[in-house]
1. Residues in region 349-376 that are outside any loop (DSSP other than H, G, I, E, B) and either over 19 Å from Ala309 (Cβ atoms) or of a type in the set (D, E, K, R) (or both): how many?
2. Given (1) surrounded by 11 or more Cβ atoms within 10 Å (Cβ to Cβ); (2) at pLDDT 55 or above; (3) not assigned by TED's automatic domain parsing to the domain that holds Tyr337, identify the lone condition not met by Ser412.
3. Specify which of the listed residues (Lys186, Lys264, Lys255) is basic (Lys, Arg), in contact (Cβ under 8 Å) with a residue 40 or more places away in the chain and touching a helix residue (DSSP H, G or I) at 6+ places or on another chain (Cβ under 8 Å).
4. Between a first residue in region 209-221 that is modelled with pLDDT of 90 or more and a second residue that is among the charged types (D, E, K, R) and surrounded by fewer than 19 Cβ atoms within 10 Å (Cβ to Cβ), which pairs have beta carbons less than 8 Å apart while being 6 or more apart in sequence or on different chains?
5. For Phe193, work out the one condition from (1) surrounded by fewer than 15 Cβ atoms within 10 Å (Cβ to Cβ); (2) more than 16 Å from Lys264 (Cβ to Cβ) it doesn't fulfil.
6. Identify the residue in region 340-364 that is under 36 Å from the mean Cα position of the chain (by Cα) and at pLDDT below 90 and, among all such residues, is farthest from Tyr326 (Cα to Cα).
7. Just to be sure I understand the filter: pairs with C-beta atoms under 7 Å, separated by 6 or more residues or on different chains, first member in region 97-111 and free of Cβ contacts under 8 Å to residues at least 60 places away in the same chain, second member assigned to a loop (DSSP other than H, G, I, E, B) and hydrophobic (A, V, I, L, M, F, W, C). Which pairs pass?
8. Exactly one condition in (1) out of contact with any Lys or Arg (no Cβ under 7 Å at 6 or more places or on another chain); (2) surrounded by 14 or more Cβ atoms within 10 Å (Cβ to Cβ); (3) in a strand (DSSP E or B) is not met by Asp336; state its number.
Amino acid sequence: MIKYLSRYILLCFIFLLIINISFVKAQTPSNYPVSVTPVIYPPYPTSIKYLYASTTPSLVLTITNKSATPSLLTVNIAMVIQAKDFTATSKPVVAGLAPITLTGGSPVRLTNLDISALFDFNNLTGLTLSQYENAFPQSKIVFGFVLYDAVTGRQVSDNVTYSVTYSINYPPTTFAPDNNSTVVEKGFQNILFQWQPRQSAPANSVQYTFEMVELFDATQDPNSAFLTNKPFYTDSTFSNSLIYGEDLPPLLPGKVYVWRVQAKTYDNGGSFISNFQNNGYSNNSSFKYFANCKSPTMLEVNDISKSAANVTWASMPEYENFVFSYRKKGDANWKDYPVKGLSDPLYALSALQSLTTYEVKVKTLCDDGSNAVSVIKEFKTTNTEASATTKKINASCGTRPPAKDRKKDLLSVLKTSDKIIAGDYTIEVTDVTGQNGIFSGKGIVEVWIGKAFKMKVAFDKIKVNKDFEMIDGKVTTEKL
């Protein structure tokens, strides 16, 4: 009898042990009826408030009722966010967040937009308003989620977590080309842009967006260019340099360009997130672009007389400063005269010796400090003066006329077809307004540059005396 009783007790013990093991197995995480998988995508959340207020999905929960039958289960979500200096926990009752109904075998995808109430400060404990609103500290941030049966309160999912490491960094700084520098083309377009990273993020976790704009003119503030000017060129790279080659949009000589880079966190699996000051933007850096310094061409000498000659060359509007030089052939030294850029370049030589051979040349002065000199042109003066017609309409462009005492008595009325004297030129009035010596309007002037031709001019509020002489004001040329 005792033998059978011992066997009975042993069988009961084994049965209870099996039941206990089965119960433990049923409570292991893998056997919860619901699975939840969190993932974080760019644009990465920078704070808990960002998750609450954002209009762009960045945190995604995939929730699945693992039942093989189309049974329904209603659940509530609980959340914990752990940072270096706080642990934020959702309240037992989350105001504004309704229970979620799950159908067996059908996953439900929820973003931070769907569960934004979960990130509402009023539904959280364990942190201050400042910690809620400010950027995540530079540390590892752990997002934890767990689901409970909305009816019984029983836990129905694992406590799952998703970790990201945040770093707060300074944006890059540009260093080549230098700010306010001049870049000169060396035969072909090839510019190396470089910047200095200042983040502690791992390699390939930060991507740079290169941006460049062209200024409207040299007076525009480079610091405001990206607010008003359309992009001239943009590109992305993981490197801290970019080569702007011949295959890219050509830069225009004489134009000023402004460039910058923006550092952005690259996905990299969503495990490392870099927050940058100034939204990742570097400083703005500007440069003026020039092609190779070009020498003046088409140098010609006309209207040669006993003591004078006119020298012309092709217009070069991309350059502002030139040097005109001449000498007697055989002399060692040149006589140099600075000349500003002209739409129709001409230099009038005078006080020359008759029957003498002279040499002339013109030099371009480029903004980068270089220069380029034209070919040397020879001519020989005659033993006669210029014709009366030439003398009448020839003018010494670029030279100031001799000082002359002019009457101060102002002209009362100026009419169409009247002629006024402005420096070396006579202007025939074609349109005029004003009175009592102050007039505005338009006219035509005849000038000599290799030959006689007419140009339209305009004047605004000039002063004219009773001798029809302009004594104050400015006359500008227009296209005929």
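1. Result for region 349-376: 8.
2. (1)
3. Going through Lys186, Lys264, Lys255 in turn, just one is basic (Lys, Arg), in contact (Cβ under 8 Å) with a residue 40 or more places away in the chain and touching a helix residue (DSSP H, G or I) at 6+ places or on another chain (Cβ under 8 Å): Lys264.
4. Close Cβ pairs satisfying both conditions: Thr209/Asp235; Thr209/Lys264; Phe210/Asp235; Val213/Lys230; Glu214/Lys255; Leu215/Lys255.
5. (1)
6. Checking each candidate, the answer is Ser343.
7. Partner pairs satisfying both residue conditions: Leu97/Ile115; Pro99/Ala150; Gly104/Ala68; Gly105/Ala68.
8. (2)
The values are calculated or read from the model by the stated rules, or taken from the named source; none is laboratory data. Predicted model, so just to flag it, every value in this text is computed and none were measured. Glycine gets a Cβ as well: all are built from the backbone with ideal geometry, and neighbour counts include every protein chain shown.
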